[in-house]
Every structure is written in structure tokens, then in C-alpha cells.
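S.K.: Just dropping this structure here.
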Amino acid sequence: MLAPTITTSRALAFKFSLPSLVLSTKTRMDSPPRNLLMSSVSRSPPREVLVEDTGDGFVSLQEWQRWGSVSPLPATVKQIVEDMKALERKTDAQMSFGGIGGKLQGDFKVQEDKKHRATYEALGNSEKKLQFFSARQIACRLLGSRGYLCQKCWLAMEDCMCSKLKPCTLWHGVRFWLYMHPKDFLRQNNTGKLLWQVFGVQSATLCLFGIAEDEKIMWDAFKRAGQSKVWCLYPNKNAVTVSVPDTFSPESSANLEYTPVMTDGDKTLNFVLLDGTWSNSAAMFNRLKEQAKSVWGDEDIPCISLNMGASAMHKLRPQPSWDRTCTASAAIGLLSELHLLPEFSAYGLDEQAEAVEDALVVLLEALTTRRLRMGRSISRKARHNRDIC
Ligand SMILES: [Zn+2]
């Protein structure tokens, strides 16, 4: 029998897991601490969750970083939260989130739509527009997920899987960067988040697409490492791709001019994982290339092509429920392939790959349990192959 198929597409996941959130919106200094009232449309009993925030409804640095970020609270996100709060006061329309995607709802949505569209149109260039788009997505997700999602595992609190996760130390010669599209931020079935949950934020670092503070941290690290120590895991046939053995092992390289990548010293190998839908990933990869050009004068970021055949994946338990392009699987594949090379065999990368795989299993179980509780069938055909990614 096949393992249960996860069919929590983004729409389904949010439809059944993001019940309408009603934010109490008093923001005056003399108002009591806010409660976030949840009237659930699911079968879960209604709950009332005390929201831990700065007391005025704004987002604190601590709250921001508890979601997994390492950056300071982005100025653009802060500004949008402030603008939304100001609009709420001005229009006396309550900010509320709910429905599919946990989006803004009601009268406030109408007002906010008008305002943010006008702001967007008035922006002078595409870079500013991208930054505004990203920041607004993130601000809405932050406010809409407060008190509802666990800040560590991004699952609804009743589904929190944190106690089942086993942390693991990633070999210091490897660092992952989760370059994440804002629409994937705080998504329950995202798998990129598993990497920092298992390895910690210094070994697997979140970088949000279009957020200047995040991108600066990532690119500062790339500048220190140098162009030859940065790769992207993105199976795009239009990109320059290199295989793991050809890049990291002199013995199996067919290239006579090959220079092996040294793994000694303090030069860490940086791997960018594009964490977004297929169509969003193309835009993210293009942005990486543009930034590479501005930093190094040429836009070459080699893409690692993983050998997803049986030989490289032989250690992995068969799990048809997620496909091998999911973000965490790409990391598992890379670590497994590196481990097969003599130069890397001493670093325990196989165990580190297994730790991510175990985390994937835990996530799969948590999502399956949720679906069952919501009364959703788990035996549907795998029509949402990319549901977990
Ligand atoms: Zn949790």
C-alpha cells in the first residue's frame, strides 16, 4: 500500500487550516493587551489565544525573529504594518484575516486594497515595486498568523510538531540559504523551514525574496565566501548546471582543467535553495543572477544538478508522497551525493541528510493528521504532486 498522499494544496491547506481570524484592533496605548479571537470554521473547538506582541499591535524584533528570520525587522514591513494600523484607526474598519490564504477580509480589505494599489502604482521603478509587494505579503502574513501558527514549525498550534523534531549539527563546511518567495512565508506545508528547524538558523538561513535586509545578509556572506563557493539548487535546463561529482571530486571529473573545490580552511560552501512555486522560482533565479552581476561583474551562478536516480537516493526511504523537487528533498539529495564522494565521507553528511528526512516524515504525519481531523480524505489521487514543496 502506498503511503498516504498529501493533498494539502496551498488552497486546501489554507481553506481548512486558516479559519477566520478576527483581530481585536484597539491600538491606543491605554487599551488592554489584545486578545486574538478565533472563531473557527473547522471542527476544532473555538479558542482564544493571547497574542504576545509589543502591546500596540506592531511587530517587535523578537516576534519577527521567532518566525525563523535572522535579519532585523525589515523597514518596509514595519512601515506597512504601521500604515495598516493607521488606516484602521482612520477608517474605523477592523482588520481581519481569514478564508483561503488567510487574506484580509471585509471592509478593511476594501479600504486597504485601494490604498496599497495607489501606493504601488506611484512607485517609481520595478525594484521598489517588488520590495513593496514582498513587504506587504509578509506584513499580512505576520499579522494574520499571530496567535494561530506556532512560530517555530509554522503549523497551527494544535498541530505543532516541534516536540517531535530532532535537531542535528550540519557540518560547518556547508551552509544552506533558503531563498523564499513571500507567498511561501509561513505556509504550513513548506518544507524549506525544516532545514533551520533541524540545523539551526546559522546553518540554514532564511532569506526572503525582495526583502533588502535579508538579501544583504545573504550577499554579504557570498562576498566573503567568493563566487566559487556559491551554488544554486535549481533544476532549470536553461541554467548552467554542474553535477556534484564534477564540482566537488577531482577523481570523477572529466574536465582536465578542473580545480577541486577545497573544503579546508574557513571557506564554507554556500548552497541556495529556491523555495517557491515553479513559476516564482524563475523570477527568483533571475534576481540572483542580476545580483551576482552587480557584485561580481558576471551573472554566473552555477546550478547543481542532482542525480535523483536510484543510486544517489538509495539510502532514502521510498516516499511517493512528496516529489523529489521539494525543497527539503533537494537538500537531502545534495547531502547524500556529497557523502558518496571520498573527500566528504568523513563529515557525517549521510546522517545529516537522514535528520532532514526524519523531519519530513514528521511534517508529513502532522499534515496527514490534520487532514484526517478535518475530515478530508487522504486517499485522493496524487493530483497535487507539488503540494509539499
Ligand atoms: Zn511548533
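The values are calculated or read from the model by the stated rules, or taken from the named source; none is laboratory data. Computed from a predicted model, the values in this text were never measured in an experiment. Neighbour counts are summed over all protein chains in view; Cβ atoms, including those assigned to glycine, are modelled from backbone coordinates with ideal geometry.
S.K.: Does the range 114-169 hold any residues that are away from the ligand (no atom under 16 Å from the Cβ), in a loop (DSSP other than H, G, I, E, B) and within 30 Å of D358 (Cα to Cα), and which are they? Can you show your working first?
M.R.: The initial filter retains those residues of the range 114-169 that are away from the ligand (no atom under 16 Å from the Cβ), namely 114-144, 168-169.
Filter once more, so that each one left must be in a loop (DSSP other than H, G, I, E, B): 123-125, 168-169.
C168, T169 - these are the residues of the range 114-169 that are away from the ligand (no atom under 16 Å from the Cβ), in a loop (DSSP other than H, G, I, E, B) and within 30 Å of D358 (Cα to Cα).
S.K.: For the range 241-252, check the following and say yes or no: at least one residue is at pLDDT 95 or above and under 27 Å from A346 (Cβ atoms).
M.R.: Keep residues of the range 241-252 that are at pLDDT 95 or above, which gives none.
Within the range 241-252 (the criterion being at pLDDT 95 or above and under 27 Å from A346 (Cβ atoms)), the answer is no, since none of the residues qualifies.
S.K.: Show the residue pairs meeting these rules: Cβ distance below 6 Å; 6+ apart or different chains; first residue within the range 155-179 and touching a residue at least 12 places away in the same chain (Cβ under 8 Å) and more than 12 Å from V198 (Cα to Cα); second residue more than 9 Å from the ligand (Cβ to nearest atom) and of a type in the set (K, R).
M.R.: Pairs that qualify, where the first residue is touching a residue at least 12 places away in the same chain (Cβ under 8 Å) and more than 12 Å from V198 (Cα to Cα) and the partner is more than 9 Å from the ligand (Cβ to nearest atom) and of a type in the set (K, R), are D159/R370.
S.K.: Conditions: (1) in contact with a helix residue (DSSP H, G or I) (Cβ under 8 Å, 6 or more places away or on another chain); (2) closer than 30 Å to Q352 by Cα; (3) outside any helix (DSSP H, G or I); (4) more than 16 Å from the ligand (Cβ to nearest atom). K183 meets all but one. Number of the miss?
M.R.: (3)
S.K.: Does W196 count as closer than 30 Å to L335 by Cβ, of a type outside the set (D, E, K, R) and more than 16 Å from the ligand (Cβ to nearest atom)? Step through it out loud before you land on a result.
M.R.: Details: closer than 30 Å to L335 by Cβ: yes; of a type outside the set (D, E, K, R): yes; more than 16 Å from the ligand (Cβ to nearest atom): no.
Spelling it out, it is not the case that W196 is closer than 30 Å to L335 by Cβ, of a type outside the set (D, E, K, R) and more than 16 Å from the ligand (Cβ to nearest atom).
S.K.: Also, I was wondering about something else. Looking only at residues that are touching a helix residue (DSSP H, G or I) at 6+ places or on another chain (Cβ under 6 Å) and hydrophobic (A, V, I, L, M, F, W, C) in the range 156-177, which one is farthest from E82 (Cα to Cα)?
M.R.: That would be W171.
S.K.: Separate question: Would you pick out the residues in the range 210-249 that are in a loop (DSSP other than H, G, I, E, B) and free of Cβ contacts under 8 Å to residues at least 40 places away in the same chain? First the steps, then the outcome.
M.R.: First, pick out the residues of the range 210-249 that are in a loop (DSSP other than H, G, I, E, B): 210-211, 226, 234-240, 249.
K237, N238 - these are the residues of the range 210-249 that are in a loop (DSSP other than H, G, I, E, B) and free of Cβ contacts under 8 Å to residues at least 40 places away in the same chain.
S.K.: G348 versus (1) among the small types (G, A, S); (2) modelled with pLDDT under 95; (3) over 19 Å from the mean Cα position of the chain (by Cα): which is the lone unmet condition?
M.R.: (2)
S.K.: It is to be established whether one or more residues within the range 200-209 are assigned to a helix (DSSP H, G or I) and crowded, with 23+ Cβ neighbours inside 10 Å. Steps first, please.
M.R.: First pass over the range 200-209, keeping only residues assigned to a helix (DSSP H, G or I): none.
No, the range 200-209 contains no residue that is assigned to a helix (DSSP H, G or I) and crowded, with 23+ Cβ neighbours inside 10 Å.
S.K.: Residues to consider are P318, P302; find the one that is in the same structural domain as A212 (by TED's automatic domain parsing) and modelled with pLDDT under 70.
M.R.: Details: P302 fails: modelled with pLDDT under 70.
The conditions single out P318.
S.K.: Right, something else. Restricting to the range 184-195, name every residue that is touching a Ser or Thr at 6+ places or on another chain (Cβ under 7 Å) and either without any contact (Cβ under 8 Å) to a residue 12 or more places away in the chain or farther than 24 Å from I80 by Cβ (or both).
M.R.: Those that are touching a Ser or Thr at 6+ places or on another chain (Cβ under 7 Å) and either without any contact (Cβ under 8 Å) to a residue 12 or more places away in the chain or farther than 24 Å from I80 by Cβ (or both): N189, T191.
So that you can scan it fast, the table gives a plain yes or no per residue for (1) more than 24 Å from A212 (Cβ to Cβ); (2) out of contact with any helix residue (DSSP H, G or I) (no Cβ under 6 Å at 6 or more places or on another chain); (3) buried (at least 16 other Cβ atoms within 10 Å of the Cβ):
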{"position": "L73", "(1), (2), (3)": "no, no, yes"}
{"position": "K90", "(1), (2), (3)": "yes, yes, no"}
{"position": "M95", "(1), (2), (3)": "yes, no, yes"}
{"position": "D113", "(1), (2), (3)": "yes, yes, no"}
{"position": "Q131", "(1), (2), (3)": "no, no, yes"}
{"position": "R136", "(1), (2), (3)": "no, no, yes"}
